[in-house]
Structures are given as structure tokens and as C-alpha cells.
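The values are calculated or read from the model by the stated rules, or taken from the named source; none is laboratory data. Predicted model only: the values in this text are computed from it and were never measured. All Cβ positions, glycine included, derive from the backbone under ideal geometry; neighbour counts span all protein chains shown. Heavy atoms of the whole protein, side chains included, go into the accessibility calculation; ligands, DNA and RNA do not. Shrake-Rupley method; radii C 1.70, N 1.55, O 1.52, S 1.80 Å.
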Amino acid sequence: MNALFHICMVLLLGGCVWAAVALVRRTRQRREAWESGLSAPARVVRAWATTQMVNNVARRVQWHEYDYTTRDGRAIRFKEPGGPRDRAEGDTVPVYYAAHEPDKATASEPQLGKDAATLVFWLLLLGACAVFLLYEWVSLSTALS
């Protein structure tokens, strides 16, 4: 039983670390795409919405799939969550991309301050969760032994 407890705590802490790394990575990819100065017109290939239930409240996430061609002639297709609801299939929008990672492009407009504030908020929340998990791990392991 003790081993299962320790394994679960390690997995929960690993999930916190994974989420933090994923947040930082995607924020950096978007910033690199905006700062590269490279943009291209892209066509919306597909648009759909998913629904998540959070505390009995439906949360709608708008997804879009884009096709565009880089300056060197490579055809790229990528998916991105969180786009505007009024963007439909067949629309043409500008996308921003970095030359070394054209598949990590973004069709959202640059919002560096908003992205930084959102990143800090989520990192603080994940850090608080990690501290709570560590505290509970230590206090419960002493109680179990």
C-alpha cells in the first residue's frame, strides 16, 4: 500500500512538471513565431469545437486547422486551439511562423503581455499544487510509517 501511495505522488508531481514544461514550450514557440517576422496567408481547412465539463460548467474550445506555404515553398498544415468562433472553413488569415519550426505556427495575433501574464499565473498555480503535494507526501508518509 505504501508503494502505491509513493508511486501516485510521483506521478502527480510528474504531471505538474510536465504541464509546466508544456506551457513554457508553447509560449516560447508562439513568441518565436511572432518575433521571427515571417508570416504567410493561411487557409482554414477545418474548424470544430470541443466541449469540456469543468465543475459542471461546459467550456467550449474552438479548434482550427490551417494550411499555408512558407517562403521557401514548403506546404505546412497545423492545428491550433482557442481561435475565434467566427473563423470558418475557407477563410484566409495571416499566420506567423519561425523558419526552424514552421509546423509550430500560430494564427493568433501577438499579445505578449497577455501571454506572459497567463504563463505566470499558471506556473504559480502549478507551483502551489506541487508544494501542496510535497507537503502532503511528507506528512502522510510519516503518518503511514
Does E80 meet the test of being surrounded by 13 or more Cβ atoms within 10 Å (Cβ to Cβ) and out of contact with any His (no Cβ under 6 Å at 6 or more places or on another chain)? no
Return the residues of the range 19-69 that are under 18 Å from V95 (Cβ atoms), surrounded by fewer than 16 Cβ atoms within 10 Å (Cβ to Cβ) and β-branched (V, I, T); say none if nothing qualifies. V45, T69
One residue from K114, K104 being basic (K, R) and in contact with a helix residue (DSSP H, G or I) (Cβ under 8 Å, 6 or more places away or on another chain): K104
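Could you count how many residues in the range 90-145 are in a strand (DSSP E or B) and open to solvent by 40 Å² or more (accessible area, probe 1.4 Å)? It would help to see each step written out before you state the result.
The first filter runs over the range 90-145 and keeps only residues in a strand (DSSP E or B), leaving 92-98, 101-106.
This time we only want the ones that are open to solvent by 40 Å² or more (accessible area, probe 1.4 Å), so: 92, 94, 96, 101, 103-104.
Residues flagged as in a strand (DSSP E or B) and open to solvent by 40 Å² or more (accessible area, probe 1.4 Å) within the range 90-145 amount to 6.
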Restricting attention to the range 64-89, which residues are in contact (Cβ under 8 Å) with a residue 40 or more places away in the chain and part of a strand (DSSP E or B)? H64, Y66
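Determine if the range 103-126 includes at least one residue that is more than 25 Å from R60 (Cα to Cα) and in contact (Cβ under 8 Å) with a residue 40 or more places away in the chain. Can you show your working first?
So in the range 103-126, the residues more than 25 Å from R60 (Cα to Cα) come out as none.
Among the residues of the range 103-126, not one is more than 25 Å from R60 (Cα to Cα) and in contact (Cβ under 8 Å) with a residue 40 or more places away in the chain, which makes the answer no.
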Would you pick out the residues in the range 20-66 that are acidic (D, E) and within 17 Å of the chain's Cα centre (by Cα)? E32, E65
Can you go through V10, V24 and tell me which one is within 30 Å of S141 (Cα to Cα) and of a type in the set (V, I, T)? V10
